[in-house]
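Trainee: Got a structure here, written out as C-alpha cells. Questions coming.
The values are calculated or read from the model by the stated rules, or taken from the named source; none is laboratory data. All of these numbers come straight from a predicted model, not from anything done at the bench. Quick reminder, even Gly has a Cβ in these numbers, built from the backbone with ideal geometry, and neighbours come from all protein chains shown.
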Amino acid sequence: MTGRLRQNLIYGGALTLGFMVSIAASWTSLGVKLDNAAYDWMFVLHPPKPWQPQSILLVIDEQSFSASGGVPGLRKALAETLDRIRPASPRAVAIDVTLADETDPASDLRLEAALRATPNLVLACDLLPNGKGWEDPVPRFKRWAAAIGHVHADPDRLDAITRAIPLEKVAGHDRRWALALEAFRVSRKEFIVESPKDLQVGNVSIPSPQRDGHPMRIRYRPPELEPIPRVSLKQIRDEPALASQFSGKVVFAGITAQMGNQDKLMTPLSDGLNMPGVEIHANAFETIAQQMFLTTAPAWTVISFCAALAAAAGLAFALLAGWQANALAVLLLLTAHALPFLLFGKGTVFPTAAPVSAAWISIVIAAAWRQFVVRRRLATSENQRVRYQEAMHFVTHEMRTPLTAIQGSSELMSRYAMPEEKRKQIAELINSESKRLGRMIEMFLNVERLSAGQMELKQEDFSPRELISICMERARPLADRKQIRMFMEATPEDTIRGDRELMEYAFYNLLTNAIKYSPPQTEVRVFGMRSGERVRIAVKDQGIGMDQKEVRQVFQKFYRTRRAEQSGEVGTGIGLSIVEQIVTQHGGAISVESRPGIGSCFTVDLPVRVTQAFAPARF
C-alpha cells in the first residue's frame, strides 16, 4: 500500500468516524434538546396561515367552579349547559372530563339525560395507573356516547413540552383513538382507515406513522391570531344568548380552573404560561380540520444529508486550498443550519443537531487534516531540499577531484615537452578520470530517469548466480582491505530477463554497501532460493545495522542513516534509491531486515525466466 493511499484511507476513516459521532451525538439527550429548542424557535417563526376555528371551548373556569358549588355541583351545571347549547346544533361535543365514577344520584341522572339528548357525543377515557387498562366513563354515561377518545397528551420527557399527541393508545388488548381525532371523525360522520404511514378520515389524510402510536405534531394557534373561542359555564348561565356561538362548531368541554384540575401543560408557544388539556385537544382538532400537518423527515434522508455534508467537507479541503476551501466550508455550515429552517416552512420537520454537528465535526477534521498534511509535506519537502543540497554539495566536491586532475594533466601536456612514456601516463589518467566523472553523471541521470519511468530497459537473458559472482569479484579488493570474508551459498541457476548492466549495478551496490558499513574481520553472505515462479536473492552483512524508522526511509533519494554518516564512509544516499527503481522496473521487489549493531539483510525478489536446478557455490 502506497503512502498516499494509506493517507487517503486514514483521512476517509477520520471523516467516517466524525460522521458516525455526529449521528450518535444527535441521538443523545443533548442532541434531542437541541432539536427541540430549534423546533420551538422555528415553530414561532413559521406560523400557519390565518384560519377560522371550527371548534369552541366550553370551559369550567374558577368562576364557573365557584358558581356551581364546587365539585358536587359540576355535573348538574354541565348538564344544564349542554341543554342550553343543544338548540344551536353544534357538530359534535367532546367532553374532556373522565366520568369514571358515580356521585350524587340526582346529579348523575340529570347529566345522563343531558348526554342522551346530545348528538355526536364524544366522552373521554384515560389510562389506568398500571397501564393495563382504561379508566372509562361509567356505563350509564358511556352508552350514550358516539365514541370514546383517550386524553393522553404525552409531553416530552426532557422538557415536559407537549409538541405532539399519540393518535392511538393501547392498554391491554383495547385500543383507543385520541379525543381530538374521534371528535373530528364523529363531526364528519366518517370512519378511520389505518395504514403504516397515515390515517385516513374521509378525504383527510393524516401523515402519522403507525409506530409509537401514530404521533401527530400539533399546530397550535399562534398568539397573533385570536385564540380559539371559549365560553364558560357561568357565562352561558348568565347570558343564554351566548349559546348561539356554538352553532356548527365542535365543542370541547373541560376544566380550566386550577382548583378543580391541574391538567395544564407547556407548549412551544407557552412563554411561561401553561395550556389546559382541553385547549390542547382543541388545537389538535384544528390541526386535523385545517390539515396543517407537520411531517417528520425520514431517517434515511437525514443520514444521507449528513453523509453528503461530511463528504463535501472532505473533498473541499482535499481538492481546494486557501479561501476557496474556507468559502465552501462556510457554505456547508450555512446549508446545515438553514435547511431545517427552510424545510419547516414547507411543513417538514428536519432535525437540526445531526446536520449541524456533522458539518462542524467534518469541517474541523478536514481542516485539521489539511493543516497536518500541508505541514507534513512542507517538512518533507524541506528535509528533501536540505538532503538534496547536501548531496549536490558532495557530488560537486567529488566531481571537483576528477575535473582538477583532468585540467592539471591537460595543462601539463600542453605546456611542457615530456617523454612519450610520461605523456602516455598522463593521457591514461585523463581518460580514467573522465570516465569516473562520466559514471558519476550517469548515476545521477539514471536515478532521475528511473524515477520518471523514462529509462528503457534492455531485454536479455542472464543468470543471477553468474551476475553475482562477477559483482563479488569486483568488490573483493574492497573486502580484502577490511579483511571481510565474502561467501555465496546456495544460489539458484535460474534465468532472469532484463537489463543485465542495470541489475549488475544493483547487486554491486548492495555488496559494496554491505562491505562499506561492516567492521573489519566480519562476513558478507549471499544466498538465494526459488519460490514458485520467483527467485529470492539476499545479501546479508554483520554491519552497523538500522533501526525500524531508518529501515522505512532507506530507499528514499539522498537519505543516509545516522550511523552511516557517523561511520565516515562517503556517499550520496541515492544508491539504494536507484537499486529499488531497477528492481521495480524488472517486476521485482526489494526488502530489508535490520537491527542496530547486528547487521542488515537486503532481499531482492525477481520473476524467473527459465527454471533450472540449484548449484551451491562457495568463495
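Trainee: So which pairs qualify, if the first residue must be in the stretch 326-347 and under 13 Å from residue 47 (Cα atoms), the second must be not in a helix (DSSP H, G or I), the Cβ gap must be under 7 Å, and the two must be at least 6 apart or on different chains?
Mentor: 344/46; 345/46; 347/293; 347/294; 347/295
Trainee: If you scan the stretch 31-66, which residues turn out to be under 19 Å from residue 302 (Cβ atoms) and either free of Cβ contacts under 8 Å to residues at least 24 places away in the same chain or in contact with a strand residue (DSSP E or B) (Cβ under 6 Å, 6 or more places away or on another chain) (or both)?
Mentor: Across the stretch 31-66, the qualifying residues are 37, 41.
Trainee: In the stretch 461-484, which residues are in a strand (DSSP E or B) and exposed (fewer than 13 other Cβ atoms within 10 Å of the Cβ)?
Mentor: Residue satisfying the conditions is 461 alone.
Trainee: Scan 250, 278 and give me the residue that is in the same structural domain as residue 224 (by TED's automatic domain parsing), crowded, with 22+ Cβ neighbours inside 10 Å and in contact with an Asp or Glu (Cβ under 7 Å, 6 or more places away or on another chain). So that I can check it myself, show each step before the final result.
Mentor: Numbers: 250 fails: in contact with an Asp or Glu (Cβ under 7 Å, 6 or more places away or on another chain).
So the residue among 250, 278 that is in the same structural domain as residue 224 (by TED's automatic domain parsing), crowded, with 22+ Cβ neighbours inside 10 Å and in contact with an Asp or Glu (Cβ under 7 Å, 6 or more places away or on another chain) is 278.
Trainee: Can you tell me which residue in the stretch 154-197 is nearest to the chain's Cα centre (by Cα), limited to those that are assigned to a helix (DSSP H, G or I) and not small (Gly, Ala, Ser)? Walk me through it before giving the result.
Mentor: Taking the stretch 154-197 as the starting set, the residues that turn out to be assigned to a helix (DSSP H, G or I) are 179-188.
With not small (Gly, Ala, Ser) added as a condition, the list becomes 179, 181-182, 184-186, 188.
On the way: 179: 43, 181: 41, 182: 44, 184: 45, 185: 45, 186: 49, 188: 49 Å.
Filtering first and then ranking leaves 181.
Trainee: Do we have residue 330 as farther than 27 Å from residue 197 by Cα and buried (at least 19 other Cβ atoms within 10 Å of the Cβ) here? If you could, list the steps in order and put the result at the bottom.
Mentor: Numbers: farther than 27 Å from residue 197 by Cα: yes; buried (at least 19 other Cβ atoms within 10 Å of the Cβ): no.
When the stated conditions are applied, residue 330 does not pass them.
Trainee: Follow-up question, since we're still on this one. For the stretch 52-106, name all the residues that are modelled with pLDDT of 90 or more and on the phi > 0 side of the Ramachandran plot.
Mentor: 89
Trainee: Is there a residue being modelled with pLDDT under 90 and surrounded by fewer than 19 Cβ atoms within 10 Å (Cβ to Cβ) anywhere in the stretch 14-28?
Mentor: The answer is yes; a qualifying residue exists.
Trainee: With the checklist (1) modelled with pLDDT of 75 or more; (2) exposed (fewer than 13 other Cβ atoms within 10 Å of the Cβ) in hand, flag the one item residue 429 doesn't pass.
Mentor: Among (1) modelled with pLDDT of 75 or more; (2) exposed (fewer than 13 other Cβ atoms within 10 Å of the Cβ), residue 429 violates only (2).
Trainee: Right, next: Within the stretch 29-54, restricting attention to residues that are aromatic (Phe, Trp, Tyr) and crowded, with 16+ Cβ neighbours inside 10 Å, which residue is nearest to residue 291 (Cα to Cα)? Before you say what the answer is, go through the steps one by one.
Mentor: At the first step, the residues of the stretch 29-54 found to be aromatic (Phe, Trp, Tyr) are 39, 41, 43, 51.
In the following step, the residues that additionally are crowded, with 16+ Cβ neighbours inside 10 Å were identified as 39, 43.
Numbers: 39: 19, 43: 16 Å.
Among them, the one singled out is 43.
Trainee: Another question, then. Looking only at residues in the stretch 151-170 that are of a type in the set (D, E, K, R) and modelled with pLDDT under 90, which one is surrounded by the fewest Cβ atoms within 10 Å (Cβ to Cβ)? Even if it seems obvious, please write down each step before you answer.
Mentor: Pass one, the stretch 151-170, residues of a type in the set (D, E, K, R): 154, 156-157, 159, 163, 168-169.
When the remaining residues are screened for being modelled with pLDDT under 90, the result is 154, 156-157, 159.
Values: 154: 16, 156: 15, 157: 8, 159: 13.
Here the residue is 157.
Trainee: Examine the stretch 283-298 for a residue that is under 29 Å from the mean Cα position of the chain (by Cα), assigned to a helix (DSSP H, G or I) and exposed (fewer than 15 other Cβ atoms within 10 Å of the Cβ), and state whether such a residue exists.
Mentor: Applying the first criterion (under 29 Å from the mean Cα position of the chain (by Cα)) to the stretch 283-298 yields 294-298.
Next, from what is left, pick out any that are assigned to a helix (DSSP H, G or I): none.
Within the stretch 283-298 (the criterion being under 29 Å from the mean Cα position of the chain (by Cα), assigned to a helix (DSSP H, G or I) and exposed (fewer than 15 other Cβ atoms within 10 Å of the Cβ)), the answer is no, since none of the residues qualifies.
Trainee: A further question on this structure: Looking at this structure, is residue 116 under 17 Å from residue 179 (Cβ atoms), of a type in the set (Lys, Arg) and in contact (Cβ under 8 Å) with a residue 24 or more places away in the chain?
Mentor: Values: under 17 Å from residue 179 (Cβ atoms): no; of a type in the set (Lys, Arg): yes; in contact (Cβ under 8 Å) with a residue 24 or more places away in the chain: yes.
In short, no.
Trainee: Okay, moving on. Scan 100, 79 and give me the residue that is touching an Asp or Glu at 6+ places or on another chain (Cβ under 8 Å) and of a type in the set (A, V, I, L, M). It would help to see each step written out before you state the result.
Mentor: Working: 79 fails: touching an Asp or Glu at 6+ places or on another chain (Cβ under 8 Å).
After ruling out the rest, the residue left standing is 100.
Trainee: Please specify each residue of the stretch 121-153 satisfying the condition of being in a strand (DSSP E or B) and either among the β-branched types (Val, Ile, Thr) or not assigned by TED's automatic domain parsing to the domain that holds residue 249 (or both). Before the answer, list the steps.
Mentor: The initial filter retains those residues of the stretch 121-153 that are in a strand (DSSP E or B), namely 121-127, 134-135, 147-150.
Scanning the stretch 121-153 gives 122, 148.
Trainee: Residue 77 - would you say it is within 20 Å of residue 149 (Cβ to Cβ) and touching a residue at least 40 places away in the same chain (Cβ under 8 Å)? Spell out the reasoning first.
Mentor: Details: within 20 Å of residue 149 (Cβ to Cβ): no; touching a residue at least 40 places away in the same chain (Cβ under 8 Å): yes.
For residue 77, the condition - within 20 Å of residue 149 (Cβ to Cβ) and touching a residue at least 40 places away in the same chain (Cβ under 8 Å) - is not met.
Trainee: Next question. Considering 514, 506, which residue is touching a residue at least 40 places away in the same chain (Cβ under 8 Å) and farther than 19 Å from residue 607 by Cβ? First the steps, then the outcome.
Mentor: Numbers: 506 fails: farther than 19 Å from residue 607 by Cβ.
Of 514, 506, the one residue that is touching a residue at least 40 places away in the same chain (Cβ under 8 Å) and farther than 19 Å from residue 607 by Cβ is 514.
Trainee: Identify all residues within the stretch 67-92 that are surrounded by 17 or more Cβ atoms within 10 Å (Cβ to Cβ) and in contact with a Ser or Thr (Cβ under 6 Å, 6 or more places away or on another chain); write none if there are none.
Mentor: Correct list: 74, 75, 76, 77, 82, 91, 92.
Trainee: Same structure, new question: State whether the residues of the stretch 493-510 include one that is charged (D, E, K, R), buried (at least 17 other Cβ atoms within 10 Å of the Cβ) and farther than 17 Å from residue 462 by Cβ. Before the answer, list the steps.
Mentor: If we filter the stretch 493-510 for residues that are charged (D, E, K, R), which is where we start, we get 493-494, 497, 499-501, 504.
Subset that is buried (at least 17 other Cβ atoms within 10 Å of the Cβ): 493-494, 497, 499-500, 504.
Pick out the ones that are also farther than 17 Å from residue 462 by Cβ and you get none.
No, the conditions are met nowhere in the stretch 493-510.
Trainee: Consider only pairs whose beta carbons are under 6 Å apart and that are at least six residues apart or on different chains; among these, list those whose first residue lies in the stretch 120-141 and is of a type in the set (Val, Ile, Thr) and whose second residue is in a strand (DSSP E or B).
Mentor: 122/94; 122/147; 122/149
Trainee: Given the residues 208, 232, which is the only one that is buried (at least 21 other Cβ atoms within 10 Å of the Cβ) and within 45 Å of the chain's Cα centre (by Cα)? Explain how you work it out, then say what you get.
Mentor: Numbers: 232 fails: within 45 Å of the chain's Cα centre (by Cα).
After applying the criteria, what remains is 208.
Trainee: Based on this model, can you work out whether residue 97 counts as farther than 28 Å from residue 140 by Cβ and β-branched (Val, Ile, Thr)? It would help to see each step written out before you state the result.
Mentor: Numbers: farther than 28 Å from residue 140 by Cβ: no; β-branched (Val, Ile, Thr): yes.
Judged against the criteria, residue 97 is not a match.
Trainee: While we're here: Please work out which residue is modelled with the lowest pLDDT, limiting yourself to the stretch 572-590 and to residues that are at negative phi and exposed (fewer than 15 other Cβ atoms within 10 Å of the Cβ).
Mentor: Going through the stretch 572-590, the residues at negative phi turn out to be 572, 574-586, 588-590.
Restricting the remaining residues to those that are exposed (fewer than 15 other Cβ atoms within 10 Å of the Cβ) gives 584, 589.
Details: 584: 86, 589: 91.
Here the residue is 584.
Trainee: When you scan the stretch 382-416, how many residues do you find that are modelled with pLDDT of 70 or more, part of a helix (DSSP H, G or I) and hydroxyl-bearing (Ser, Thr, Tyr)?
Mentor: 4
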